[in-house]
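The values are calculated or read from the model by the stated rules, or taken from the named source; none is laboratory data. Quantities reported herein were computed from a predicted structural model and do not represent experimental measurements. In this analysis, Cβ positions are derived from the backbone assuming ideal geometry, glycine residues included, and neighbour counts consider all displayed protein chains. To get the accessible areas, we keep the full protein, side chains included, count just its heavy atoms, and leave off ligands, DNA and RNA. Shrake-Rupley method; radii C 1.70, N 1.55, O 1.52, S 1.80 Å.
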Amino acid sequence: MSRILTIAAAQLGPIQRSETRASAVARMIALMRQAKAHGVDLVVYPEAALTAFFPHWWIEDEAEIDSYFEAAMPSNETAPLFEESRRLGIGFHLGFCELAHEEGRRRRFNTAILVDKSGAIVGKYRKIHLPGHPEHRPEAPFQNLEKRYFETGNLGWPVWRTMDANIGMMICNDRRWPESYRVMGLQDVELIVLGYNTPKHNPPAPDHDRLGNFHNQLVMQAGAYQNACWVVGAAKAGPEAGVDQIGGSCIIAPTGEVVAQAVTEGDELVIARCDMDLGRSYKASTFNFAKHREPQAYGMIVERKGAGPLLSA
Ligand code: CDV
């Protein structure tokens, strides 16, 4: 018996600086209701989906920085999303900025949660690969200050058994790193969900700009195929507070093929019926890890951070 999970990547158009959380949540609920009409089981929302992507701006006032973070999840403002999930019997993945109190101090993380069809949080992930820079670059058209505003995630990449599938999460820049996928591949992951905020312009390397959509798909297709799992990516797209972001939300099969993709840069559902057993033949043959991986040759991957001397030297 095949295990079909009908999944929607719920792409969001821009959320302007003045837009309230209540308005963003209302947009997400509208997409969740549309998803229900299509028989969707799981809705995947973008990274930091409740506000504009503030790491694009230099902010010094701590209270203003805090205003982009959630001290509780659910909160009064996000509770309607959980209630709708419960009412409709739809699971969801949501990215948000988390203000935690741990180890006796305030900590800020770029976080995502997985919520089951009863509206209960079953898993939490904190972004590990934080792109950008911690210092102000006033000469740049916009900032990329995730290294200033967030700590590196400290939860690893767990995989959860929920909705009759092995499901894991990553966030935006994580999708460019094969290690993110493989740690979950080694837990027999069947579905990886993620959200992203990816500007069309890359200030330190403008020659990459023409390849933004290509690289977005390239990394997710490679991660899906090499780990024989589904990958679902949901963008926050379009021109947001002066920063234009790519769309291209998509659903990728364990075959490495894109099976559904957004055609706008606004609020849009991208839906596919995903057979959670589709990766089985890959996991039993080409990517039978237990038979074919050679971990004794991979030590450098965890021993070195940056490129170093030649092995042959
Ligand atoms: N939010 C992100 O992690 N964005 C990065 C950009 C800054 C390169 C990304 O990898 O898409």
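Considering the conditions (1) closer than 17 Å to Ala112 by Cα; (2) open to solvent by less than 10 Å² (accessible area, probe 1.4 Å); (3) within 16 Å of the ligand (Cβ to nearest atom), Gln245 is excluded by exactly one of them, (1). For region 126-154, the set of residues classified as more than 13 Å from Asn173 (Cβ to Cβ), among the aromatic types (Phe, Trp, Tyr) and out of contact with any His (no Cβ under 8 Å at 6 or more places or on another chain) consists of Tyr149 only.
Conditions tested, residue by residue: (1) farther than 21 Å from Leu130 by Cα; (2) of a type outside the set (Asp, Glu); (3) open to solvent by 10 Å² or more (accessible area, probe 1.4 Å).
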site	(1), (2), (3)
Tyr45	no, yes, no
Thr51	no, yes, yes
Ile59	no, yes, no
Glu62	no, no, yes
Phe69	no, yes, yes
Pro74	yes, yes, yes
Glu84	yes, no, yes
Gly89	yes, yes, yes
His93	no, yes, no
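Could you check, for region 21-42, whether at least one of its residues is part of a helix (DSSP H, G or I), surrounded by fewer than 16 Cβ atoms within 10 Å (Cβ to Cβ), touching a residue at least 60 places away in the same chain (Cβ under 8 Å) and out of contact with any helix residue (DSSP H, G or I) (no Cβ under 8 Å at 6 or more places or on another chain)? Yes, because at least one residue in region 21-42 is part of a helix (DSSP H, G or I), surrounded by fewer than 16 Cβ atoms within 10 Å (Cβ to Cβ), touching a residue at least 60 places away in the same chain (Cβ under 8 Å) and out of contact with any helix residue (DSSP H, G or I) (no Cβ under 8 Å at 6 or more places or on another chain). Scanning region 183-219 for residues that are within 14 Å of the ligand (Cβ to nearest atom), open to solvent by less than 20 Å² (accessible area, probe 1.4 Å) and not in a helix (DSSP H, G or I) yields Leu194, Gly195, Tyr196, Asn197, Thr198, Ala205. Here the condition is being open to solvent by 80 Å² or more (accessible area, probe 1.4 Å) and not basic (Lys, Arg); of Thr286, Thr264, Thr255, it holds for Thr286 alone. In this entry, Gly104 is excluded by the filter for residues that are under 29 Å from Val231 (Cα atoms), open to solvent by 20 Å² or more (accessible area, probe 1.4 Å) and over 18 Å from the mean Cα position of the chain (by Cα).
Among the residues of region 49-69, those identified as assigned to a loop (DSSP other than H, G, I, E, B) and over 22 Å from Ile252 (Cα atoms) are Leu50, Thr51, Ala52, Phe53, Trp57, Trp58, Ile59, Glu60, Asp61, Ser67, Tyr68, Phe69. Note on region 70-182: enclosed strands (runs of 3 or more DSSP E) holding 3 or more residues that are more than 16 Å from the ligand (Cβ to nearest atom) and without any contact (Cβ under 8 Å) to a residue 12 or more places away in the chain are 91-102.
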